[in-house]
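Notes follow once the structure below has been shown.
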Amino acid sequence: ARLLPRARLAQLAVTGPAAAASSRARGRTRALLLDYINAGGLPLLNRLMLRMAGGGIRTVLTLLADPQRHPVAFYCTAGKDRTGIVAALVLKVLGATEEEVVEDYAISDNVYAQMGDHTAMVGALQQRDLDPDVFLQAPPKVMQQVLEDITQEYGGVTGYLDHIGFNQEQRNQLIKALTQETKQEQKEN
């Protein structure tokens, strides 16, 4: 892949728990972890990601809040799990409703099937002993569960962002970096 002039690539460690399990654990421990992750499916994967990848998520949000880094594109291997969580957090900071966040996430459902050739992604999942039928989906109920988990464990998105060290000042910077004031708002300020 070739970057556009002036483009900078920032590869961040927002490693998913499944990748961590398949790369670090060995033998019976690995098999047990993968059985657990496969049985828990996307809801468990996302719960673990929220707990284990907070530092990486904070780094992505910090980059998005810096207008000097714009334009910015963020993505992950499948474009729905780590990307979905970051996008959901950004949308909530920007004032989106839970319904809007869920609707946005659901657009990714079966994206590989729609594209026609998802052999590489299926192979990557199978190589990690993960079930492609489970992990290539993005059903709305998965994002609903993510938002419920965030509310239950952290008191909401604000609580989660505080927990990972992305404070109110940074959230205000994110809002400013990703929105434009209308002429009326500029007059009022």
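The values are calculated or read from the model by the stated rules, or taken from the named source; none is laboratory data. From a predicted model like this one, the values you see are computed outputs, not experimental measurements. Glycine gets a Cβ as well: all are built from the backbone with ideal geometry, and neighbour counts include every protein chain shown.
Using the structure shown, decide if Arg30 is at pLDDT below 90 and part of a helix (DSSP H, G or I). Against the criterion (at pLDDT below 90 and part of a helix (DSSP H, G or I)), Arg30 qualifies.
Close contacts from the range 138-151, counting a first residue that is farther than 14 Å from Asp104 by Cα and a second that is outside any helix (DSSP H, G or I), with Cβ to Cβ under 7 Å and a gap of 6+ residues or different chains, come to Ile150/Gly156.
Note on the range 95-189: enclosed helices (runs of 4 or more DSSP H) holding 2 or more residues that are modelled with pLDDT of 95 or more and either within 24 Å of Gly56 (Cβ to Cβ) or in contact with an Asp or Glu (Cβ under 8 Å, 6 or more places away or on another chain) (or both) are 98-106, 140-154, 157-163, 168-178.
Whenever a residue of the range 33-54 is over 14 Å from Met143 (Cα atoms), its partners that are not in a helix (DSSP H, G or I), lying with C-beta atoms within less than 6 angstrom and at least six residues away or across chains, give the pairs Leu33/Ala25; Leu34/Asp129; Asn38/Asp131; Ala53/Val14; Gly54/Ile164.
Per-residue answers, yes or no, for (1) in contact with an Asp or Glu (Cβ under 9 Å, 6 or more places away or on another chain); (2) modelled with pLDDT of 80 or more; (3) buried (at least 20 other Cβ atoms within 10 Å of the Cβ):
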{"position": "Gln11", "(1), (2), (3)": "no, no, no"}
{"position": "Gly16", "(1), (2), (3)": "yes, no, yes"}
{"position": "Ala19", "(1), (2), (3)": "no, no, no"}
{"position": "Tyr36", "(1), (2), (3)": "no, yes, no"}
{"position": "Leu42", "(1), (2), (3)": "yes, yes, yes"}
{"position": "Thr59", "(1), (2), (3)": "no, yes, no"}
{"position": "Ala65", "(1), (2), (3)": "no, yes, yes"}
{"position": "Phe74", "(1), (2), (3)": "no, no, no"}
{"position": "Ala78", "(1), (2), (3)": "no, no, yes"}
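Close contacts from the range 81-107, counting a first residue that is surrounded by 16 or more Cβ atoms within 10 Å (Cβ to Cβ) and a second that is among the polar types (S, T, N, Q) and in a loop (DSSP other than H, G, I, E, B), with Cβ to Cβ under 7 Å and a gap of 6+ residues or different chains, come to Gly84/Ser108.
If you go through the range 66-80, how many residues are farther than 21 Å from Arg171 by Cβ and either assigned to a helix (DSSP H, G or I) or in contact (Cβ under 8 Å) with a residue 60 or more places away in the chain (or both)? Within the range 66-80, residues that are farther than 21 Å from Arg171 by Cβ and either assigned to a helix (DSSP H, G or I) or in contact (Cβ under 8 Å) with a residue 60 or more places away in the chain (or both) number 1.
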